[in-house]
Amino acid sequence: MANVKKEESQDFTGWKAVLWPIYSHELKKFLPMAFMMMCILFNYSVLRGTKDSLVVTYMGAEAIPTLKLWFVLPSAVLFMLVYSKLSNNFSKDTVFYMVVSFFMAYFALFAAVLYPCNSILSFDFSDVESKFLRNLLIPVGGWVFSSFYVMSELWGSAMVSLMFWRFANDVTSLKQSKRFYSMFGFIANGALLFSGTVLNTVKNIYLINAIAVIFCLFVIVIYYWLNNRVLTDPRFFNPDEIKKPKKKAKLSLGESLKYIFSSKYLGFIVMLVVCYGVSINLVEVMWKGQAKLLYPTDAEFRGFMGNLQIWTGGATILFMLIGTNILRRCSWFSSAIVTPLMTFITGIIFFLFIIFKEELTPLISSSGLTVLGIITSVGLFQNVLSKGVKYSLFDATKEMSYIPLDDELKSKGKAAVDVIGGRAGKSGGALIQFLLLNVIFAGSSLVQLAPLISVIFAAILLIWFYAVYGLSKEFNKLSAEHNE
């Protein structure tokens with residue numbers, strides 16, 4: 001124990017300070033947590049690429065706003081309600097196992113029953129004359145694919161944002177998080193490279209779901225190992241080093257929500273999450289619509305999404321190396337502002353290519369390239385770069401901001417912010433597009449509305465910048481109190 005204390009008192013030097021700021025005795029805790037995150041991210045990446053290929057090729061990119069607004073958001077609210085109820089009646093470990101088992105059962109059911117019987121279970125509403133009703137009813141008719149889309153989206157919110165990071169925040173001190181959190185991503189985002197290869201090579205939907213079930217089992221086994229073989233050692237988890245919550249009576253759901261939404265601190269976190277979701281969605285749906293024209297079949301589009309995962313994984317690993325040093329050497333504000341800056345710059349460039357598509361056509365055609373190919377490539381790199389900094393810096397700084405909070409805000413507050421806030425962000429972008437396409441400018445296409453959407457995009461980014469500034473002030477104040 002004395003050697004550990006001595007080791008912890010020394011600063012990292014040389015290459016280790018830049019690439020691997022983890023003490024040797026911490027590996028027994030760090031590596032299983034990183035591998036658990038890797039399994040969760042692998043499933044998220046494979047499911048995301050698969051659900052996009054199924055929906056875009058069978059329903060069209062215009063179905064995505066409808067799904068996010070009318071299917072995903074209500075499902076996220078329902079999940080949060082159930083999660084809050086479970087948290088009041090069961091231990092954290094039991095809730096974790098229940099949530100993972102629920103997803104595992106659905107993916108097994110989809111592969112065994114829903115997908116094989118899709119043609120029997122689905123309904124055709126493509127002949128409905130009203131475009132507004134048709135856009136609403138097509139996802140209902142194709143409810144098998146819609147359910148897969150919803151569950152894949154919920155996996156990201158529930159498992160990545162909530163279950164893993166809540167566990168990490170419970171067993172990691174604020175000081176340790178500055179070294180651990182970006183390095184979790186550095187290891188875990190290798191899953192994006194692997195998942196991209198899987199999407200490119202595995203064309204069988206049954207096999208993809210079987211792989212998802214297997215990785216769910218891996219998550220359960222690693223979580224059990226950590227709780228029963230690792231965190232029992234005081235070297236790896238000392239409750240006195242983590243903020244110890246005061247004993248509180250269990251609050252009802254209504255009382256919890258009132259307590260949560262009265263917090264100015266959580267309000268800023270909600271703004272971060274919602275602004276990220278809206279801004280990414282405004283770009284992503286339009287970009288996927290262009291990509292669908294270039295890759296019209298399910299197999300081609302899934303292969304394209306596989307390449308996206310590979311590029312994102314490589315960029316994220318690079319940004320993780322940079323990000324972990326930014327987190328350790330720079331202020332919280334400097335670390336958190338990078339993601340909105342990257343999203344703003346790359347997003348505006350993408351919109352400029354869409355808006356001036358006709359003007360750029362002669363110039364691009366003279367070089368032997370196609371405008372559609374260039375726009376798809378620009379959108380690809382916008383997605384890769386913005387998600388690379390999101391996974392390396394946005395997630396780490398957001399999760400660090402939860403550590404000084406009390407237990408109620410850290411658990412139920414996190415559930416409300418990450419599950420509902422995350423879905424509300426993407427659904428907010430979907431709502432904007434849904435209203436523009438079906439109500440305000442009915443009959444228009446997303447490409448025709450690109451100038452207006454780009455202005456909305458810029459306004460959302462300004463709110464995001466403000467939220468980073470406001471949360472930075474609150475975080476520094478609360479961190480100082482926490483350290484005292």
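Listing for the model above:
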quantity: Within segment 428-473, considering residues that are out of contact with any Cys (no Cβ under 9 Å at 6 or more places or on another chain) and of a type in the set (Val, Ile, Thr), the one modelled with the lowest pLDDT; calculated: Val439
quantity: Cβ pairs under 7 Å, 6+ apart, first in segment 69-89 and without any contact (Cβ under 8 Å) to a residue 60 or more places away in the chain, second part of a helix (DSSP H, G or I) and not charged (D, E, K, R); calculated: Leu86/Val95; Leu86/Met98
quantity: The one condition in (1) touching a residue at least 12 places away in the same chain (Cβ under 8 Å); (2) within 18 Å of Leu446 (Cβ to Cβ); (3) not acidic (Asp, Glu) that Asn325 fails to fulfil; calculated: (2)
quantity: Checklist (1) buried (at least 20 other Cβ atoms within 10 Å of the Cβ); (2) out of contact with any Gly (no Cβ under 8 Å at 6 or more places or on another chain) applied to Ser161, failing item; calculated: (2)
quantity: Restricting segment 383-409 to residues that are of a type in the set (D, E, K, R), more than 10 Å from Ala336 (Cα to Cα) and in a helix (DSSP H, G or I), the residue that is nearest to the chain's Cα centre (by Cα); calculated: Lys387
quantity: Qualifying residue in segment 344-353 (condition: under 20 Å from the mean Cα position of the chain (by Cα), buried (at least 19 other Cβ atoms within 10 Å of the Cβ) and among the hydroxyl-bearing types (Ser, Thr, Tyr)); calculated: yes
quantity: Of the criteria (1) of a type in the set (S, T, N, Q); (2) surrounded by 19 or more Cβ atoms within 10 Å (Cβ to Cβ); (3) under 27 Å from Leu352 (Cα atoms), which one Thr324 fails; calculated: (3)
quantity: Set Ser454, Ser427: member being touching a Lys or Arg at 6+ places or on another chain (Cβ under 7 Å) and either within 26 Å of Ser334 (Cα to Cα) or in contact (Cβ under 8 Å) with a residue 24 or more places away in the chain (or both); calculated: Ser427
quantity: Residue match in segment 366-382 (condition: over 32 Å from the mean Cα position of the chain (by Cα), hydrophobic (A, V, I, L, M, F, W, C) and in a loop (DSSP other than H, G, I, E, B)); calculated: yes
quantity: In segment 412-461, the residues that are hydrophobic (A, V, I, L, M, F, W, C) and part of a loop (DSSP other than H, G, I, E, B); calculated: Phe441, Ala442, Leu446, Val447, Leu449
quantity: Matching helices (runs of 4 or more DSSP H) fully within segment 84-193 where at least 1 residues are over 24 Å from Lys29 (Cβ atoms) and of a type outside the set (A, V, I, L, M); calculated: 92-109, 118-121, 131-141, 143-155
quantity: First in segment 216-235 and free of Cβ contacts under 8 Å to residues at least 60 places away in the same chain and surrounded by fewer than 16 Cβ atoms within 10 Å (Cβ to Cβ), second anywhere and aliphatic (A, V, I, L, M) and not in a loop (DSSP other than H, G, I, E, B), Cβ under 6 Å, 6 or more apart; calculated: none
quantity: Yes/no for Val202 being under 26 Å from Leu405 (Cβ atoms) and of a type outside the set (Phe, Trp, Tyr); calculated: no
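The values are calculated or read from the model by the stated rules, or taken from the named source; none is laboratory data. The structure displayed is predicted, hence computed values, not measured ones. A quick note on method: Cβ atoms are made from the backbone with ideal geometry, for glycine too, and the neighbour counts reach across all protein chains shown.
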